[in-house]
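Following: one structure in structure tokens, then a few remarks.
The values are calculated or read from the model by the stated rules, or taken from the named source; none is laboratory data. As the structure is a prediction and not an experimental result, all values here were calculated from the model. Ideal geometry is used to build each Cβ from the backbone, glycine not excepted, and the neighbour counts take in all protein chains shown.
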Amino acid sequence: MEAICECAIRAGLAAVAFTDHCETYLGADACFAVKDALLKEVLEARAVFGDALDISMGLEIGEPHHDTALSRELAGGSEIDFVIGSVHKVRGEDDFYFIDYDRPDISDVLRKYYEELLELSECDCFDVMGHINYPLRAMSAKQAERTDLSVYGGPLREALLSLAKGGRGIEANSHCLKEGPDGILPSLEVLKMFKDSGGKIVTTGSDAHTAPQVGKGIPEAERLLREAGFEKISFFKKRRPV
Ligand SMILES: [Zn+2]
């Protein structure tokens, strides 16, 4: 965490949010162990870097809609600043990171992804939906090229409407920039769709899993959000956008 904070300051960031993963399918003990360990480190980091960097205590809950009681409990508590809600896997399947995108029923699995995004959008235990179109990140360029995500636009549009209506947001995630310049998730088209749905809350995230990735691609994410018509980017303190 010390290295991450140092990199964030060097990258010119005013603030950073730590959002370690709590996958609901791993159960309450595993999730609370992650949360407790993270909080301890965040408090230590604030004591060292607090003057130079605003450090937000967050969580990324995987599949909150699979266990809403656990997710509410995780997201509760005055120490939590920010909660990302994500779909990494759909019921009965592995994480999209491990899926075989050449399997014959891949369109059914992808359809389930968008249906579960809609289900997630109706949960009240997160602030921002993480990395929409996540399967794209795990596909090869060839597989991505032959995958037409527009056929799943129905449930996606409904999910974005539901988020906007509920006062929740989406993130522009620049994690894929490590693979190429077009790596912001979701695309400009989806960001615009959220804006047209009445969405107001957007955040940027480099989704860094190592210190050197911190802040990578944030200027590109900001540019894309501006192009989609957003004038403000939020940072969360105590579960409120600032
Ligand atoms: Zn994630």
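Here are some notes:
- For segment 28-49, the criterion of being part of a loop (DSSP other than H, G, I, E, B) and either more than 24 Å from N173 (Cβ to Cβ) or away from the ligand (no atom under 16 Å from the Cβ) (or both) is met by none of the residues.
- The condition (being within 16 Å of the ligand (Cβ to nearest atom), without any contact (Cβ under 8 Å) to a residue 60 or more places away in the chain and of a type in the set (D, E)) is satisfied by just one residue among E63, E23: E63.
- Exclusive hit being farther than 26 Å from A8 by Cα and touching a residue at least 12 places away in the same chain (Cβ under 8 Å), set S140, S78, S86: S140
- Just one of the listed residues (A208, A228) is buried (at least 20 other Cβ atoms within 10 Å of the Cβ) and within 25 Å of C5 (Cα to Cα), and it is A208.
- Some residue of segment 4-20 being in contact with a Pro (Cβ under 6 Å, 6 or more places away or on another chain) and within 16 Å of the ligand (Cβ to nearest atom): no
- Hits in segment 67-88 - residues which are more than 16 Å from the ligand (Cβ to nearest atom), assigned to a helix (DSSP H, G or I) and either touching a Lys or Arg at 6+ places or on another chain (Cβ under 7 Å) or of a type in the set (S, T, N, Q) (or both): T68
- Residue satisfying condition, being more than 14 Å from the chain's Cα centre (by Cα) and modelled with pLDDT of 95 or more, within set G198, G215, G153: G198
- Meets criteria (under 23 Å from Q213 (Cβ atoms) and within 16 Å of the ligand (Cβ to nearest atom)) for G58: yes
- Search result, residues across segment 130-147 that are away from the ligand (no atom under 16 Å from the Cβ) and either under 20 Å from the mean Cα position of the chain (by Cα) or part of a helix (DSSP H, G or I) (or both): A141, K142, Q143, A144, E145
- Qualifying positions in segment 89-108 - within 20 Å of the chain's Cα centre (by Cα) and either surrounded by fewer than 13 Cβ atoms within 10 Å (Cβ to Cβ) or outside any loop (DSSP other than H, G, I, E, B) (or both): K89, R91, D94, D95, F96, Y97, F98
- Which numbered condition A37 fails, given (1) under 24 Å from E119 (Cα atoms); (2) exposed (fewer than 13 other Cβ atoms within 10 Å of the Cβ); (3) small (G, A, S); (4) touching an Asp or Glu at 6+ places or on another chain (Cβ under 9 Å): (1)
- Residue match in segment 15-27 (condition: at positive phi, surrounded by fewer than 16 Cβ atoms within 10 Å (Cβ to Cβ) and either of a type outside the set (S, T, Y) or modelled with pLDDT of 95 or more (or both)): yes
- In segment 103-126, the residues that are farther than 19 Å from G85 by Cβ and of a type in the set (G, A, S): S107
- Candidates L120, L136, filtered to the one that is at pLDDT 95 or above and either surrounded by 15 or more Cβ atoms within 10 Å (Cβ to Cβ) or not small (G, A, S) (or both): L120
- Pick from segment 89-107, criterion of a type in the set (D, E) and more than 21 Å from P186 (Cβ to Cβ), ranking: nearest to the ligand (Cβ to nearest atom): D94
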